[in-house]
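Report on one structure; see the data block that follows.
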Amino acid sequence: MPPPNPQFNAIGKHEAVRAMFAEIAPTYDRLNHLLSVNIDKRWRRLVGQKLADVLSRPQAIALDLCCGTADLTLELSQQAPHAQVIGCDFCHPMLVLGRDKIPAQSSARLVEGDALRLPFADASFDAVTNAFGLRNLENVESGLREIHRVLKPAGRVAILEFSRPIIPLLREAFGFYFTRILPRIGALVSGSRQAYTYLPASVSQFPDQKRLAGMMRDAGFVDVTYRNLSAGIAALHLGTKS
Ligand SMILES: C[S@@+](CC[C@H](N)C(=O)[O-])C[C@H]1O[C@@H](n2cnc3c(N)ncnc32)[C@H](O)[C@@H]1O
C-alpha cells in the first residue's frame, strides 16, 4: 500500500492511513514517548484536567476518538474513575494493543469504528476527545461535524494536535528535529520511513491554531478556545456544543 498523502483532506487517504498505523502499531507507544521525551504524557494529562467538570457529571460518558493504543482513553478513565470512557479507532492492531493495556477493573472499553461514520447515536456523550487523530482524517470538517453530532447539548470537545510553534527560533529548531531527525529515528525503530516522513509533512499541511478554531466554530461549536502546549508545538482546542 502506498503511504498516505499528507495533504490536508487528501481524497482517498483513508485506507492508506489505516494500513500505516497497522504497520507501526507494535512500536507506536515506544516511539511516541521516545520522540517526545515523554512530553506527550503531560499533554494527555492536561486533556483530562480540562474536562474534569464534564467528566464529573453523574453517569458521565466520554468518547476518545482515534484512540489508537488507548493512552488517552486510560488517562481519562484514571482521572475520572466514575465516568464511562469509550475509545474508538478504525485500526484493529492499534486497538488490540490498547485492549491489553486496560486493567481488568477499569470500565474503559474500546470499539472499532470510523471517525467519519461513528457507530453512536446523536447526543450520546458528555465529552469527546481526539489526540493526534484529526489531522489524519480524509475530511476534517466532516470529522468535526460527526463529533458535534454525538455530543450531548453542553457536551465538550477537546482536540489535541500538533500545531505551529509560536517562537521563531523554536520553530526553526523544532522544524529541523521534526523533518530531519525524527524520520530517521522513526524509521530505525519502526522499520517504516514512510510513517515518520508522513508525520511532519501532514502537520505542515494541517490548519494552524486559529484556523482550526474557526473550523470548530463552523462545525457548530461555541466557546472555542485553544492553548498552546510547549510553545505551540502542539495545541489543545476546546469547544462546547450549545
Ligand atoms: C497518531 S495516532 C493517535 C493515537 C492516540 N490518540 C494517541 O494519542 O496516541 C492516530 C490514530 O487515528 C486513527 N484514525 C485515523 N483515521 C481514523 C478514522 N477515520 N477513524 C478512526 N480512527 C482513525 C489511527 O488508526 C490512529 O490510531
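The values are calculated or read from the model by the stated rules, or taken from the named source; none is laboratory data. The structure presented is a predicted model; accordingly, all values stated were derived computationally and were not measured. No Cβ is skipped: glycine too gets one built from the backbone with ideal geometry, and neighbour counts run over all protein chains shown. Heavy atoms of the whole protein, side chains included, go into the accessibility calculation; ligands, DNA and RNA do not. Shrake-Rupley method; radii C 1.70, N 1.55, O 1.52, S 1.80 Å.
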Legend entry - ³J(HN,Hα), Karplus 6.51/-1.76/1.60, whole Hz, each residue of the range 214-229, x for Gly, Pro: x, 5, 5, 5, 4, 7, x, 7, 10, 6, 7, 9, 9, 10, 6, 10
Legend entry - Selected from Arg18, Arg135, Arg30 as most flexible by GNM, with the chain as the system and alpha-carbon contacts under 10 Å: Arg30
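Leaving out ligands and nucleic acids, note down the accessible area per residue over the range 13-241 with a 1.4 angstrom probe, in whole Å².
Details: 10040 Å² over 229 residues.
That works out to 44 Å² per residue.
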Inset, instruction - Scan around Leu151 for amide H atoms under 5 Å from its own, H built in the peptide plane at 1.01 Å from N, and keep only partners 5 or more places away or cross-chain. - result: Ala123, Ser124, Phe125
Legend entry - Estimated vicinal HN-Hα couplings, Hz - the range 155-161 in sequence order (Karplus 6.51, -1.76, 1.60; Gly, Pro = x): x, 10, 10, 10, 10, 9, 8
Inset, instruction - Keeping all protein chains in position, work out how much accessible area Ser124 exposes to a 1.4 Å probe, and write it in Å² to the nearest 10. - result: 30 Å²
Legend entry - Structure-based [θ]222 nm, the chain - -39500 (n - 2.57) summed over DSSP H runs of at least 4, per residue, nearest 500: -14000 deg cm²/dmol
Inset, instruction - Under a cut-off of 17 Å between alpha-carbon atoms, report the aspartates and glutamates in cross-link reach of Lys13, not counting same-chain residues fewer than 8 places apart. - result: Glu23, Asp89, Asp114, Glu138, Glu141
Inset, instruction - Sort Asp122, Asp208, Asp29, Asp64 from largest to smallest accessible area, using a 1.4 Å probe on the heavy atoms of the protein chains. - result: Asp122, Asp208, Asp29, Asp64
Legend entry - Heavy atoms of Lys210 accessible to a 1.4 Å probe, total area in Å² rounded to 10: 150 Å²
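How much length is gained if the chain between Lys41 and Glu172 is pulled fully straight, taking 0.36 nm per residue apart and subtracting their Cα-Cα distance, in nm to one decimal?
Between Lys41 and Glu172, full extension yields 44.8 nm more.
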Legend entry - Nearest-0.05 FRET efficiency for Ser230 and Ser56, computed from C-beta distance (R0 30 Å): 0.65
Legend entry - Distance (nanometres) between label positions extended 7 Å along Cα→Cβ at Thr179 and Lys101: 3.0 nm
Inset, instruction - Rounded to whole Hz and in sequence order, give me ³J(HN,Hα) for the range 115-126 from the Karplus expression 6.51 cos²θ - 1.76 cosθ + 1.60, θ = phi - 60°, writing x for Gly and Pro. - result: 4, 8, 9, 5, x, 9, 6, 4, 6, 9, 10, 7
Inset, instruction - Report the accessible area of Glu141, computed with a 1.4 Å probe over the heavy atoms of all protein chains in place, in Å² rounded to the nearest 10. - result: 60 Å²
Inset, instruction - Could you please state how large a percent of the accessible area of the chain is carbon and sulfur, counting protein chains only and using a 1.4 Å probe? - result: 56 percent
Legend entry - Candidates Pro93, Pro103, Pro26: whichever shows maximal mean-square fluctuation once the chain is modelled as a Gaussian network with Cα springs under 10 Å: Pro103
Inset, instruction - For the chain, build the charge dipole from Cβ charges (+1 Lys, Arg; -1 Asp, Glu) around the Cα centre, then report which of Cys66, Gly12, Phe120 sits farthest towards its positive end. - result: Cys66
Inset, instruction - Using only the Cα atoms of the range 13-241, each taken as one equal point scatterer with no solvent, compute I(q) by the Debye sum, divide by I(0), and report log10 of the ratio at q = 0.07, 0.11, 0.15 Å⁻¹. - result: -0.20, -0.51, -0.99
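With viscosity set to 0.692 mPa s at 37 °C, what whole-number translational diffusion coefficient in µm²/s follows for the range 23-141 from Stokes-Einstein and a Kirkwood radius over Cα pairs?
Result for D is 226 µm²/s.
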